[in-house]
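Visitor: Please see the structure below; I have some questions.
The values are calculated or read from the model by the stated rules, or taken from the named source; none is laboratory data. Just so it is clear, the model here is predicted, and its values are computed rather than measured. Note that we place each Cβ from the backbone using ideal geometry, even for glycine, and neighbour counts take in every protein chain shown. The protein model used for the area step is the full one, side chains on, heavy atoms only, and it has no ligands, DNA or RNA in it. Shrake-Rupley method; radii C 1.70, N 1.55, O 1.52, S 1.80 Å.
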Amino acid sequence: MIHFPSIRWRIAVPYMLLILLTMAGLLIYLSNLIRDAYLENLRSKLIAEARLIEDALTSATWDDPAELDALARRYADLLDARVTFIGRDGTVLGESHEERNQMDNHLYRPEVQGALAEGEGSSIRFSRTVNYDMLYTAVPMRLEGQIAGYVRVAVPLRQIKVGLAHLQRTLLLVAVATASLALLLALLIAERTARPIRQLTHVVQSMAQGDLSARLLPITHDEVGVLTRAFNQMSDRLRGTVTTLVEERGRLTAVLDTMADGVIITDASGYVRLINPAAARLLGADETSALGCPFAQVVRDHRIINLWQRCYEENEEQFESVEMGRQGVFLQAIATPLPDVGRQASLVILQDLTRIRRLETVRRDFISNISHELRTPLAALKALVDTLRDGALDDPPAALRFLGRMETEVDALTQLVQELLELSRIESGRAPFRMTAVDLADVVHPPVKRLEPQAERADVRLILDVPEGLARIRADAERMQQVVANLVHNAIKFTPPGGQIRVSAAKVRVPRSGDAPSVDPPLVSDLTEVLSPGMWALIFVTDTGVGIPADDLPRIFERFYKADRARSGGGTGLGLAIAKHIVQSHHGRIWVESVEGRGSTFCVAIPALTMT
Ligand code: ADP
């Protein structure tokens, strides 16, 4: 089977071959037909001529051989043919073109036999006498009803051949012209048939390259037209489906990208087929490079890998809580088989339980702390009551002393309960803040003044260096005073006699970029990192006290946290936690810088109001 490069040629070539074959057949048939008709025509003409000659001959002439030769030549001239007279026995009696005496007996020539049998005969053969094909015709020569001999008229076929060749040439010319025309037509038809298919191919190709908007114009009403319409419908539906899929994928990607839980999908060979940003973050992996990598290589935690393998082997959902080594991240890993996605595919979900865990710990610590804080004064009270009952009541001065101590314990308990209530009210937002614009000095001066006698008793120098009108803030003055009081109170508590406490303030502009503003006292922290850009009012409480160990620094604002329990002087450990909540409610920051044994600086920053 011949392979054609295009439909056009597949249609045109057989069509052309058919036309050429038909034309060739027709040509051969026609030229044979014409040749036969020509010969027949010639033969009848020659026979008629022979009959005319026979009719003109008389018995006298017939018997005179010299006369016959001359007659033969005369007729030959007239008819432009070769004329031969043959006797009854086959002897040549007269001849127009040859020497009669050298000619053999002609009785068994086919034309003569034909004339003898049927009254006329003809034959085509090569004449050795004249050296070319001749058409011979013969009729019997009758004298008085008896066959006396034969008249033969012959012509060379050369003329016919020339005539026929001419005719054939003409026919060939016509055939070639017709065939060319037919070929052109064949090509045109093939082209017309192939064109819509070519267009279809073109559109399909551009669709394959992603251009789903490509369409065909229905030009015809035939099968190709039907195909075109069907194709357009198909591409419309395809586009619809792809658009829906893209939208759905977009939604899914958005969900996966913003999800807090990590999601990983693996295939049957254990390669990661999908990983969302949360999973990459929780595993400390790179999202793009993790795709297509083996699961074990991406996860690198044997417990999660085991869990995933168990799910793979048992084809069942598996759970495991995993504490990752780094930064105390606590994960709940769930591996589920995903038969819908593919054979042996699995889904691994990583839930970050770190925060919940921490909250849980805080809650547990809180309860244990609170129980502890309650137990100490309660145990003291119980002991005092027992002592009174066991006889101290009978000793009034001792009883009075015990009652005094009992009062102290009750006061401590009351303070603890009050602070707890305060903290819970602030945390839950049930204590509304009465915000007004106040001068920073009005927030700092009253508590410091109030605590001066206490500082004096503790033999600590308390310096107040906050000028009036330095800065204005929007604050609940009473609560901010509580913060300052707590900081100064702590400073007195943790500063040994002879020490010094300085309460100062500053107003700074924190730039969007560039150097942090410097303040007095000089700070270790970079203000541009601690505070957002803008105007800030700062309060500093600097002491020369015991300082806070570096390990405790990050935790002293936690509830009940006491850096040095022995020296905390009966505090509840709630003061700084309350202060932090109050400052945060003012959109401010509170932090501490301290060197153990040298002293501490507590810093409070509140957004400053711009002066008008
Ligand atoms: P308390 O009621 O115990 O003072 P706080 O919340 O006010 O509770 O303080 C928590 C802990 O922070 C204290 O127990 C102490 O260890 C530490 N601390 C607070 N202020 C100072 C300070 N000025 N110098 C040293 N340590 C301090």
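Visitor: Please state which one of I539, I582 is among the aliphatic types (A, V, I, L, M) and either in a loop (DSSP other than H, G, I, E, B) or under 55 Å from the mean Cα position of the chain (by Cα) (or both).
Guide: Numbers: I539 fails: either in a loop (DSSP other than H, G, I, E, B) or under 55 Å from the mean Cα position of the chain (by Cα) (or both).
Of I539, I582, the one residue that is among the aliphatic types (A, V, I, L, M) and either in a loop (DSSP other than H, G, I, E, B) or under 55 Å from the mean Cα position of the chain (by Cα) (or both) is I582.
Visitor: Checking the condition at pLDDT 95 or above, away from the ligand (no atom under 13 Å from the Cβ) and touching a Leu at 6+ places or on another chain (Cβ under 8 Å), which residue from R461, R474 passes? Spell out how you get there, then give the answer.
Guide: On the way: R461 fails: touching a Leu at 6+ places or on another chain (Cβ under 8 Å).
Just a single option satisfies the conditions, and that option is R474.
Visitor: Then there is this: Would you point out the residue of the range 528-543, among those that are among the small types (G, A, S) and at negative phi, that is nearest to the ligand (Cβ to nearest atom)?
Guide: The first filter runs over the range 528-543 and keeps only residues among the small types (G, A, S), leaving 532, 534, 537.
Those still in the list that are at negative phi too: 532, 537.
On the way: S532: 26, A537: 21 Å.
Here the answer is A537.
This table checks each residue for (1) more than 30 Å from G87 (Cβ to Cβ); (2) among the polar types (S, T, N, Q); (3) open to solvent by less than 70 Å² (accessible area, probe 1.4 Å).
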{"residue": "Y150", "(1), (2), (3)": "no, no, yes"}
{"residue": "V155", "(1), (2), (3)": "no, no, yes"}
{"residue": "T178", "(1), (2), (3)": "yes, yes, yes"}
{"residue": "P196", "(1), (2), (3)": "yes, no, yes"}
{"residue": "L212", "(1), (2), (3)": "yes, no, yes"}
{"residue": "G225", "(1), (2), (3)": "yes, no, yes"}
{"residue": "N232", "(1), (2), (3)": "yes, yes, yes"}
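Visitor: Only one residue in L185, L172, L200 is more than 19 Å from I86 (Cβ to Cβ), free of Cβ contacts under 8 Å to residues at least 40 places away in the same chain and open to solvent by 80 Å² or more (accessible area, probe 1.4 Å), so which one is that?
Guide: On the way: L172 fails: free of Cβ contacts under 8 Å to residues at least 40 places away in the same chain; L200 fails: open to solvent by 80 Å² or more (accessible area, probe 1.4 Å).
Matching residue, one of L185, L172, L200: L185.
Visitor: Let me ask something else about it. Scan the range 549-572 and tell me whether some residue there is away from the ligand (no atom under 14 Å from the Cβ), open to solvent by less than 50 Å² (accessible area, probe 1.4 Å) and in a loop (DSSP other than H, G, I, E, B).
Guide: Kept after step one, since they are away from the ligand (no atom under 14 Å from the Cβ), are these residues of the range 549-572: none.
Within the range 549-572, none of the residues are away from the ligand (no atom under 14 Å from the Cβ), open to solvent by less than 50 Å² (accessible area, probe 1.4 Å) and in a loop (DSSP other than H, G, I, E, B).
Visitor: Can you tell me which residue among A76, A81, A72 is touching a Gly at 6+ places or on another chain (Cβ under 7 Å), in the same structural domain as S44 (by TED's automatic domain parsing) and open to solvent by less than 60 Å² (accessible area, probe 1.4 Å)?
Guide: Values: A76 fails: touching a Gly at 6+ places or on another chain (Cβ under 7 Å); A81 fails: touching a Gly at 6+ places or on another chain (Cβ under 7 Å).
Checking each option against the conditions leaves just A72.
Visitor: Anything in the range 483-507 that is open to solvent by less than 10 Å² (accessible area, probe 1.4 Å) and either more than 11 Å from the ligand (Cβ to nearest atom) or under 60 Å from the mean Cα position of the chain (by Cα) (or both)? List them, or say none.
Guide: V483, V484, V503, S504
Visitor: Can S594 be described as open to solvent by 20 Å² or more (accessible area, probe 1.4 Å), near the ligand (Cβ under 9 Å from one of its atoms) and modelled with pLDDT of 90 or more?
Guide: Spelling it out, S594 is indeed open to solvent by 20 Å² or more (accessible area, probe 1.4 Å), near the ligand (Cβ under 9 Å from one of its atoms) and modelled with pLDDT of 90 or more.
Visitor: Tell me which of these V448 doesn't satisfy, since it passes every other one: (1) touching a strand residue (DSSP E or B) at 6+ places or on another chain (Cβ under 7 Å); (2) open to solvent by 50 Å² or more (accessible area, probe 1.4 Å).
Guide: Unmet for V448, out of (1) touching a strand residue (DSSP E or B) at 6+ places or on another chain (Cβ under 7 Å); (2) open to solvent by 50 Å² or more (accessible area, probe 1.4 Å): (2).
Visitor: Do the conditions hold for T253, that is, is it within 27 Å of P339 (Cα to Cα) and in contact with a Phe, Trp or Tyr (Cβ under 6 Å, 6 or more places away or on another chain)?
Guide: Values: within 27 Å of P339 (Cα to Cα): yes; in contact with a Phe, Trp or Tyr (Cβ under 6 Å, 6 or more places away or on another chain): no.
The answer is no for T253.
Visitor: Still on this structure, I have one more. Kindly indicate which of V510, V583, V546 is within 16 Å of the ligand (Cβ to nearest atom) and either basic (K, R) or open to solvent by less than 10 Å² (accessible area, probe 1.4 Å) (or both). Spell out how you get there, then give the answer.
Guide: Details: V510 fails: within 16 Å of the ligand (Cβ to nearest atom); V546 fails: either basic (K, R) or open to solvent by less than 10 Å² (accessible area, probe 1.4 Å) (or both).
After applying the criteria, what remains is V583.
Visitor: Here are some residues: T220, T201. Which one is at pLDDT below 80, among the β-branched types (V, I, T) and more than 30 Å from A24 (Cβ to Cβ)?
Guide: Numbers: T201 fails: at pLDDT below 80.
The match here is T220.
Visitor: Separate question: Looking only at the range 78-90, count every residue that is closer than 19 Å to M134 by Cβ, touching a residue at least 12 places away in the same chain (Cβ under 8 Å) and out of contact with any strand residue (DSSP E or B) (no Cβ under 8 Å at 6 or more places or on another chain) and tell me the total. Quick ask: steps written out before the conclusion?
Guide: The first filter runs over the range 78-90 and keeps only residues closer than 19 Å to M134 by Cβ, leaving 78-86, 90.
When the remaining residues are screened for being touching a residue at least 12 places away in the same chain (Cβ under 8 Å), the result is 79-86, 90.
Now restrict to residues that are out of contact with any strand residue (DSSP E or B) (no Cβ under 8 Å at 6 or more places or on another chain): 90.
Residues that pass the stated criteria total 1.
Visitor: Can I ask one more? Do we have S600 as within 11 Å of the ligand (Cβ to nearest atom) and open to solvent by less than 20 Å² (accessible area, probe 1.4 Å) here? Spell out the reasoning first.
Guide: Working: within 11 Å of the ligand (Cβ to nearest atom): yes; open to solvent by less than 20 Å² (accessible area, probe 1.4 Å): yes.
Considered against the rule, which asks whether it is within 11 Å of the ligand (Cβ to nearest atom) and open to solvent by less than 20 Å² (accessible area, probe 1.4 Å), S600 comes out as yes.
Visitor: Taking interchain pairs and intrachain pairs at least six residues apart, which have beta carbon atoms under 7 angstrom, with the first residue in the range 529-556 and under 15 Å from P511 (Cα atoms) and the second outside any strand (DSSP E or B)?
Guide: Here the result reads P533/P511; P533/R512; M535/T610; A537/L440; A537/A471, each pair linking the range 529-556 to a residue that is outside any strand (DSSP E or B).
Visitor: In the range 130-140, what residues are modelled with pLDDT under 90 and either under 17 Å from G90 (Cα atoms) or among the aromatic types (F, W, Y) (or both)? Steps first, answer last, please.
Guide: First pass over the range 130-140, keeping only residues modelled with pLDDT under 90: 130-134.
Within the range 130-140, just Y132 meets the criteria.
Visitor: Keeping to the range 331-351, report how many residues are in a strand (DSSP E or B), open to solvent by 20 Å² or more (accessible area, probe 1.4 Å) and in contact (Cβ under 8 Å) with a residue 24 or more places away in the chain. I'd like the intermediate steps shown before the answer.
Guide: Restricting attention to the range 331-351, the residues satisfying the condition of being in a strand (DSSP E or B) are 331-337, 346-351.
Add one more test, that the residue is open to solvent by 20 Å² or more (accessible area, probe 1.4 Å), and what stays is 332, 334, 336-337, 347, 349, 351.
Then drop every residue that is not in contact (Cβ under 8 Å) with a residue 24 or more places away in the chain, which leaves 336-337, 347, 349, 351.
Final tally of qualifying residues: 5.
Visitor: In the range 95-124, what count of residues is obtained for those that are outside any loop (DSSP other than H, G, I, E, B) and either at pLDDT 90 or above or surrounded by fewer than 22 Cβ atoms within 10 Å (Cβ to Cβ) (or both)? Let's see the steps before the verdict.
Guide: Quick first cut of the range 95-124, residues outside any loop (DSSP other than H, G, I, E, B) only: 95, 100-102, 110-118, 121-124.
Among the residues that remain, those that are also either at pLDDT 90 or above or surrounded by fewer than 22 Cβ atoms within 10 Å (Cβ to Cβ) (or both) are: 100-102, 110-118, 121-124.
Number of matching residues: 16.
Visitor: Could you say whether any residue in the range 45-53 is touching a strand residue (DSSP E or B) at 6+ places or on another chain (Cβ under 6 Å) and open to solvent by 70 Å² or more (accessible area, probe 1.4 Å)? Walk me through it before giving the result.
Guide: Of the residues in the range 45-53, the ones touching a strand residue (DSSP E or B) at 6+ places or on another chain (Cβ under 6 Å) are 46-47, 49-51, 53.
Among the residues that remain, those that are also open to solvent by 70 Å² or more (accessible area, probe 1.4 Å) are: 51.
Yes, the range 45-53 has at least one match.
Visitor: Next question. State all residues of the range 352-408 that are open to solvent by less than 50 Å² (accessible area, probe 1.4 Å) and either basic (K, R) or in contact (Cβ under 8 Å) with a residue 24 or more places away in the chain (or both); if no residue qualifies, say none.
Guide: L353, T354, N369, I370, E373, P377, A380, L381, L384, M406
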